Amino acid sequence: MQSAARIITSTRAERFEQYGHPLYEGAVEPADDARFSIIPPGINERIFHADASGDDPDFVRRLQQSAGADGRPVVLASSRLDAKKNVAGFVDAWLSSAELRERARLALFVRGVDDPFSGIERLRADEREVLAPILARIESAGLRDQVVFVNAGSQRQLASAYRFFARCGSVFVLPSLHEPFGLAPIEAAACGLAVVATRHGGPSEVFAGGIGVLVEPEDPENMAHGMLAALERQQELAGAAALMVQRKYTWRRTAEGYLGVIRELVAGAGKREMARPGPLDASDRIANWLERHG
């Protein structure tokens, strides 16, 4: 970083929150805006789009069997089973609101097993640790039949599932405690889903201005209210988010951003004296910081 002509970040939050941390002192100065460019990643448009004509009919049939005849929308999460992704908080928000449960069912994407209630042992130990209490809460509430599980084994199946649920007016939820950028909700939006996302991190920039609903992930009531608001405005939000993705968040746009920076640097605008690199072992720096703040 000391020697870099330009440092690329995906959001302003990453630029200021991550690289403004004291552990980066000496590598980059917080006020040195000229050394940063914000270039977000993008979606693969060949996979994540609204056209369902090429979807695998066998996989769609499996989705139909899992969803059953209930035509209500779902609120869905496809985050990995990691505590910081806060899938448990998302489920608790749904369980806590009778109005939300009446309006929409719950859908959980769990890769590797069709029915976690009967096949949870096929997941890794760390995944079981997160999922088992969630299943217990669903079972205790007597709402097992109101939950749809999706086992999407590839990005193409994931996109097909997004399109399937978009057709009944569903909402994608990113309940992470903090999310540096959040590519998953952009992929979901490209497939026709409205988005509810954590207000902590990159999504607060990506879905600002009413394009999505931002929520407090540690407040179940606030999350439930956000999901209800998104269901009420699903068509409006889905349309606005899909258009935003096409304009800002494709790999073509990402490539254009990088090429623009490269051209600027080649032309000489970004030349700077090469700094002498410091020691590559930062263990003392980290240990000292932890001792002061631990």
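Read-outs: derived from the displayed coordinates by stated rules, not from any lab. Everything quoted here is computed from the prediction, not taken from an experiment. Positions of Cβ are generated from backbone atoms using ideal geometry, with glycine treated the same way; all protein chains shown enter the neighbour counts.
Protection proxy ranking for 204-211, 122-129, 105-112, 169-176, using the average of other Cβ atoms within 10 Å per residue and placing the highest first: 169-176, 105-112, 204-211, 122-129. Placing +1 on the Cβ of every Lys and Arg and -1 on the Cβ of every Asp and Glu, with nothing else charged, gives the chain a dipole about its Cα centre of roughly 820 debye. Separation of segment 28-64 from segment 125-150 is 28 Å, based on Cα centroids. Couplings 3J(HN,Hα) of segment 249-266, computed from phi: 10, 10, 5, 5, 4, 4, 4, 4, x, 5, 4, x, 5, 4, 4, 4, 5, 4 Hz, in residue order, whole Hz [Karplus 6.51 cos²θ - 1.76 cosθ + 1.60, θ = phi - 60°; x for Gly and Pro]. Restricting to DSSP loop positions (anything but H, G, I, E, B) with no more than 15 other Cβ atoms inside 10 Å of their own Cβ, which trypsin sites (Lys or Arg not before Pro) remain in segment 27-80? Of the trypsin sites (Lys or Arg not before Pro), the ones in loops of segment 27-80 whose Cβ has at most 15 other Cβ atoms within 10 Å are 46, 80. Sequence-ordered 3J(HN,Hα) estimates for segment 147-152 from the Karplus curve with 6.51, -1.76 and 1.60 and θ = phi - 60° stand at 10, 9, 9, 10, 9, 9 Hz, glycine and proline given as x.
Dividing the helix sum by the residues of the chain, where each DSSP H run of 4 or more adds -39500 (n - 2.57), gives a mean residue ellipticity at 222 nm of -13000 deg cm²/dmol.
Once the Cβ-Cβ distance between residue 248 and residue 64 is put in as r, and R0 is 35 Å, what FRET efficiency do you end up with, to the nearest 0.05? Once the sixth-power term is evaluated, E becomes 0.55. Approximating the spin labels as points 7 Å out from Cα along Cα→Cβ, the residue 17-to-residue 208 distance works out to 1.3 nm. With neighbour counts taken as other beta-carbon atoms within 10 Å, the residues 1, 227 rank, fewest first, as 1, 227. Distance between the pseudo-spin-label points of residue 149 and residue 136 (7 Å out from Cα toward the beta carbon): 1.7 nm. Between residue 286 and residue 233, the simple label model (points 7 Å from Cα in the Cβ direction) yields a spacing of 4.2 nm.
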